[in-house]
């Protein structure tokens, strides 16, 4: 499936920079089922504190007092299936190296934040899912012609977020051939790219798609479209909380089965031109 997804994503991402992302949040009429069936053990009117990205267009974006994006839609659906209405969710910013600390310290109950499942992370936290498969790619300025893939990064300044698998992948594969600059947030990296302080930004293609299509950068940036890794997103759960993990998996299975997963992507990511892949199988993390 991964090769098929990569081909589809590469074709769709080529023209992203000229399209405006029309993301919306909540459980609108064309979005996920606003009343998912409760999973076994769900406690009606419970409360959850959930970590999401606050600055990733199309994925997780805080806009005043509202939140929108695919991870927000997914978290809201799962919470409702667990008996937690949207009004009882407390949203917390969670990105990069903050995610493990937020879970292990008990500051959040769940993490929905483009959280790639890795063996190293499994030593610290548990994962439900997966609920999406992305591919690491490159974001460059619109008029860039020299950078056509990771193999053309020799002598270039590349930006990634500290504590992410994106930074680790680049260091492992291209160490010594590039100058890696790390910032706390993807928005910092993208602004540095727009300001010509770095030559490229690397992270998952679906995240880069959101930035390339964001009105702030419309016509300035483009996604190269040559993914070079599989990034399997899971829901972070505190280590040892198998009951909550199993409940989240049950909710995610329903999320895929009733069409809400595809509808959520349709209102958050697809308007940018990103080709929606087939869903993964939740419960296999």
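Each reported figure results from applying straightforward, stated rules to the coordinates on display, with no laboratory input. Please read all numbers here as calculations on a predicted model, not as lab measurements. Cβ sites come from the backbone with ideal geometry, for glycine too, and all protein chains shown count toward neighbours.
Only bridges whose two residues both fall in the chain count here: according to DSSP, what percent of them are antiparallel, nearest 5?
On the way: 24 of 38 bridges.
The antiparallel fraction comes to roughly 65 percent.
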Exposure proxy ranking, count of Cβ atoms within 10 Å, fewest first, for 165, 268, 43, 49: 43, 49, 165, 268
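Per Stokes-Einstein, at 10 °C and 1.306 mPa s, what whole-number D in µm² s⁻¹ belongs to the stretch 135-223, with the Kirkwood radius over Cα pairs as the hydrodynamic radius? It would help to have the intermediate numbers written out before the result.
Working: Rh = 12.6 Å.
In µm²/s, the coefficient is 126.
Output the relative contact order of the stretch 135-223, whole-number percent, from Cα pairs under 8 angstrom with separation of 6+ residues.
Values: 142 pairs, mean separation 38.1, N = 89.
Computed value for the stretch 135-223: 43 percent relative contact order.
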List the relative contact order of the chain as a percent without decimals, with contacts defined as Cα pairs under 8 Å and 6+ residues apart. 33 percent
Quick check: Cα centre of the stretch 262-285 to Cα centre of the stretch 131-199, how many Å? 24 Å
Let a ≥ b ≥ c be the square roots of the eigenvalues of the Cα gyration tensor of the stretch 184-266; is it rounded (a/c under 1.5), or, if not, prolate (a/b larger than b/c) or oblate? prolate
What do you get for the angle between helix 2-13 and the principal long axis of the chain? Use alpha-carbon atoms, 0 to 90 degrees, nearest ten. 60 degrees
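The stretch 246-285: D in µm²/s via Stokes-Einstein (Kirkwood Rh, Cα pairs, 10 °C, 1.306 mPa s)?
Numbers: Rh = 10.8 Å.
Reported coefficient: 146 µm²/s.
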How many nm separate the modelled label positions at residue 101 and residue 30, each set 7 Å beyond the Cα in the direction of the Cβ? 4.0 nm
Cut-off is 10 Å between beta-carbons; in what order do 80, 253 appear when sorted fewest neighbours first? 253, 80
For the chain, the Rg and Dmax computed from alpha carbons only, in angstrom: 17.9, 56
For helix 70-81, what angle does its Cα long axis make with the longest principal axis of the chain, in degrees from 0 to 90 and rounded to 10? 10 degrees
Once you've got the GNM for the chain with C-alpha springs shorter than 10 Å, pick whichever of 146, 182, 231 has the biggest mean-square fluctuation. 146
Determine, for 91, 186, 261, the number of other Cβ atoms within 10 Å of each Cβ, and report the residues in order from fewest to most. 91, 261, 186
In degrees, nearest 10, range 0 to 90: what is the angle between the Cα axis of helix 165-174 and the longest Cα principal axis of the chain? 30 degrees
GNM top mover of 64, 155, 97 - the chain, alpha-carbon springs below 10 Å: 64
